[in-house]
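Notes for the one structure printed next.
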Amino acid sequence: MELLHEIVSWIIHIVGHWGYAGIVIMMFLESSFFPFPSEVVIPPAGYLAARGDMSLFLVIFSGISGSLCGALFNYGLAVVWGRPFFVKYGRYFLVSEQSLDRADRFFVDHGHISTFVGRLLPGIRQYISLPAGIARMNLPLFTLFTGLGAGIWVVILALVGYFFGNNQGMVDQYLHQIVLVTIGFAVFVVAGYILYKKRRSRTTS
């Protein structure tokens, strides 16, 4: 607990010193190759906004911008090196060209919902860009639904920091509950999407 408090204090210092650029950089890292937890970046910035040291709107804007830039970075890496890597070495990872083709078709049909939901799930939000890039998902759709998913998460974190940022215990408590709620929301969205696709297939058949 003491270590977490020191980390949060360090984040507050960094964000306070670097300002909105610090939020963008840290959220870029969180969304790309270095999974820096957004839970210790955005709430302290929200707390600084509550103190009047920052703008809540710009905190949210910076958080979304950093998340989107990190996701696009991963997407670009996967586009350039992902498929060639698996075509050459996929047999060592039990990944065949046929499975890559199936992944391509999946992201053509369901990439938008997968990207949106993936941005809401801990442990997945940092890496959902990689299969999207390997499958070369439509870039405008990828950007839109990444921004929507990241936006929801950043807004939640910023508001938690804004209202409870001076009490780390309450921040931890609310974040734990919010993670469970977002997972439940993601399950609800996926279930609704599956139901919608089934009904649509019945009406068109």
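Before moving on, here are some points about what is shown:
- Computed over the alpha-carbon pairs of segment 2-204, the distance histogram in 10 Å steps reads 9, 32, 31, 19, 9, 1 percent, short to long.
- Peptide packing for 156-169, 188-201 was compared via the average number of neighbouring C-beta atoms within 10 Å per residue; ordered from the highest value, the list is 156-169, 188-201.
- Put in line by how crowded their Cβ is, counting other Cβ atoms within 10 Å and starting with the fewest, 152, 64 read 152, 64.
No lab work stands behind these numbers, since they all come straight from the coordinates. Keep in mind that this is a model prediction, so the values were computed, not measured. Note: ideal-geometry Cβ built from the backbone for every residue, glycine included; neighbour counts use all protein chains shown.
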